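The values are calculated or read from the model by the stated rules, or taken from the named source; none is laboratory data. None of the values given here were measured: they were computed from a predicted structure. All Cβ positions, glycine included, derive from the backbone under ideal geometry; neighbour counts span all protein chains shown. These accessible areas exclude ligands, DNA and RNA; they are computed on the full protein's heavy atoms, side chains included. Shrake-Rupley method; radii C 1.70, N 1.55, O 1.52, S 1.80 Å.
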Amino acid sequence: MMMELIKIEGGRPLSGTVKIDSAKNSTVALIPASILAESPVTLENIPSIVDVERLGEMIEQLGGTYRYDGDDDEDFIIDPTNLQNIPLLEGPVTQLRASYYFLGALLAKFKEVKIGMPGGCYLGPRPIDLHLKGFEALGATIEQEGGTIYMRAERLKGAKIYLDFPSVGATINIMIAASKAEGTTVIENAAKEPEIVDLSNLLNNMGAKIRGAGTDEIRIQGVDRLRGTRHAIIPDRIEAGTYIALAAAAAEEVKIDNIIPTHLDALISKLQEMGVDIEINTDSVTVRGGKALKAVDFKTSIYPGLATDLQQPLVTLVTQSDGVGMVEDTIYSDRFRNCYELNKMGANIRVQGNSAIIQGATPLRGARVMATDLRAGASLVIAALIAEGVTEIGNTYHIDRGYSNIEEKLTNLGAKIWREKE
Ligand code: EPZ
C-alpha cells in the first residue's frame, strides 16, 4: 500500500495571517444532532476535515442526504426527512469516535438503535460507560455483543443524571437523547466545554428547551418535535491553540484570526508565563517570535482549564524552552506517544505514565516520524517547522481528521510543506 507523507523543510520564519475554521468537536456533534429535525438543517462554515465526510456517509447509510452549498461550499445541508433506522455496523462508524453521537440521536428519533463501536484516536482506554448509564436512566435497555451496541426504549423519560466525571461525550449524548424525552432531564456535573454550548444553541434553534449549557447543571425539557434551522458553528479553539503554539515556536509575526480568545484563556496565560509575546484582540491574537522561552510545568484539565487536546502541541514548544518542564495529562493515560517521535528529532523527553519530563532547550533536526494520533500529528508539524532539514511525517490521515487545509494555511505563512506518496 502506498503511504502518504507530509514533508516539511524547517527553519523558515513564519509570518502573515491564518484564519481558523469551525470547531471539529462541535461539528461532529452537530451533524448527528441534526437528524432529530423533521426538515433540513444548514451548518454554516463547515470545516473541510475527513470526519465531516464520514458523518455525511453515515447520514446516507441511514437514508438521509447531505450536500455542500455556498460560494466556497461552506454550508453543509443535512436533510433527514427520509431517514430510516438502519443499523450502522461497519464502514465509517468505526473510523471516528464521534459516531457514538448517533446512539443518542437515533435513540431519541426511533427509540431503538444498533451501532458498531466507535473508533478514533488511541489515547489509553476510552470507555463509554457514562453515556450508557445516562441512556439507561432515560429508560433504555442496552445489550452489547462483540463490537455492537443495541439499545431500545418503550419510551424515553426525563431523569436526574449525575455524571461521575464531566465527560464531554456523555454530556452531549444525553443532551441529544433527552431533548425528545418526556419531561425534564437534569444533568449534574455536566461538562462545560464551549462545544456543549454550541450544541445547546443548535438544538434550541431546532425547538428544544435546554437551559444551563456551559454550567455544571443542564436542564432539558423534552419536546415532541424538532425542526430544521441554520446554525453558524463556533471557531475551533483547538485548531486555534495549535496555530498559536506553532506561531510561538516559529513565527516572526503571525495573526491567528477568527477565534474566540476567551476560549483559550488557559493556553494564553501559560504561554505568557513562558515569555511568549502575544497580543489579544477581539477575535484574533497576534504572536511575535524571537523571544527566549522559559520552561513551564502544566497539567491538563476540563474546561476552562488547559485542554488536553493542546497538551501535545505545547510539549513541542517546551522542548524549545530553557529548563525542565513537567507535563501531566489528567484526562488520558496514554497521550504522550508524540514524545518518542520528538526524541527521534533531538528532543529530550522522558515519559512516565501520564506525565512527561522535558529537558530544554534542544535543537531539533529533521527525521522520519509517525503521527500516532491527531494532536501528536500537530505536535510533529510544529517540531518539523523549526527543525533543521526535512522531516517526513507518516500516518497523515490522523492529521486530516482535524486540521483543514493545513498545507495551504502553512504555505501562506511562508512554510515549505508538501505531500508525497511512496
Ligand atoms: C472529547 O472526547 C473530544 N472528542 C476529545 O478530543 C477531547 O480530548 C475530550 O473531549 C476532552 O476534552 C470529541 O469531541 C469528538 P470525555 P470525549 O468523554 O467526549 C473518561 C481531539 O483530539 N470517560 O470528556 O471522548 C475518558 O476515558 C479529541 O480532538 C469515561 O471514563 O472525552 C477520558 O479519560 C481527542 N467514561 C475522560 O473521561 C465515559 O463514559 C474524558 O473523556 C466517558 C469518558
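So if I restrict to the alpha-carbon atoms in the chain, what is the Rg, and what is Dmax, the biggest pairwise distance, in Å?
21.4, 63
Can you list which of the trypsin sites (Lys or Arg not before Pro) found in the range 291-338 are DSSP loop residues with at most 14 other C-beta atoms within 10 Å?
Qualifying residues, ordered by number: K291.
State log₁₀ I(q)/I(0) for the range 215-307 at q = 0.11, 0.17, 0.19, 0.20 Å⁻¹ as given by the Debye formula over alpha-carbon point scatterers of equal weight, solvent excluded.
-0.42, -0.77, -0.90, -0.97
Straight-line reach only, C-alpha to C-alpha below 22 angstrom: list the lysines that K160 could link to, leaving out same-chain residues fewer than 8 apart.
Correct list for K160: K109, K111, K133, K180, K192, K209.
Determine the per residue accessible area of the chain with all protein chains present and a 1.4 angstrom probe, expressed in square angstrom.
That works out to 39 Å² for each residue.
Using only the alpha-carbon atoms, how far is helix 168-178 inclined from the longest principal axis of the chain? Give it as 0 to 90 degrees, nearest 10.
Computed tilt is about 20 degrees.
Could you rank Y332, Y122 by how accessible they are, 1.4 Å probe, largest area first?
Y122, Y332
For V50, what accessible area in Å² do you get when you roll a 1.4 Å probe over the heavy atoms of the protein chains, rounding to the nearest 10?
In the full protein context, V50 sits at about 50 Å².
Please report the net charge: other residues with Cβ closer than 12 Å to the Cβ of T391, K and R +1, D and E -1.
Combined, the nearby Lys, Arg, Asp and Glu give +1.
Can you give me the % of accessible surface on the chain that is carbon or sulfur? Probe 1.4 Å, all protein chains present, nothing else counted.
45 percent
Residue farthest toward the positive end of the dipole of the range 183-271, with Cβ of Lys/Arg at +1 and Asp/Glu at -1: which of L199, G228, I238?
Looking along the dipole axis, the top candidate is G228.
Compare the Cα positions of I176, Y162, T148 along the charge dipole of the range 104-208 (+1 at Cβ of Lys, Arg; -1 at Cβ of Asp, Glu; about the Cα centre) and return the one farthest towards the positive end.
I176
Based solely on its DSSP helices, what 222 nm [θ] is calculated for the chain when runs of n ≥ 4 H residues each add -39,500 (n - 2.57) and the sum is averaged over all residues, nearest 500 deg cm²/dmol?
It lands at -9000 deg cm²/dmol.
If you place +1 on the Cβ of every Lys and Arg, -1 on the Cβ of every Asp and Glu, and leave all else neutral, what size is the dipole of the range 296-386 about its Cα centre, to the nearest 20 Debye?
Around 280 debye, computed over the range 296-386.
Note down the accessible area of S379, probe 1.4 Å, to the nearest 10 Å².
For S379, the solvent-accessible surface is approximately 0 Å².
How big is the charge dipole of the range 297-341 about its Cα centre, in debye rounded to the nearest 20, if each Lys and Arg gets +1 on its Cβ and each Asp and Glu gets -1 on its Cβ?
80 debye
Let me make sure I get this right: for the range 255-309, a, b and c are the square roots of the gyration tensor eigenvalues over alpha carbons, sorted descending. Under 1.5 in a/c it's rounded, otherwise prolate if a/b > b/c, else oblate. Which is it?
oblate
I'd like the orientation of helix 101-110 relative to the chain: the angle between its Cα long axis and the longest Cα principal axis, in ° from 0 to 90, rounded to 10.
10 degrees
So for R237, R219, R288, what's the accessible-area order with a 1.4 Å probe, most first?
The residues order as R219, R288, R237, largest area first.
Where the only charges are on Cβ atoms (+1 Lys, Arg; -1 Asp, Glu), what is the dipole of the range 162-241 about its Cα centre, to the nearest 20 debye?
440 debye
Scaled to the compact-protein estimate 2.2 N^0.38 Å, what is the alpha-carbon radius of gyration of the range 1-92, rounded to two decimal places?
The range 1-92 yields a ratio of 1.37.
Ignoring ligands, DNA and RNA, how do R225, R152, R54 rank by accessible area with a 1.4 Å probe, largest first?
Accessible-area ranking of R225, R152, R54, largest first: R225, R152, R54.
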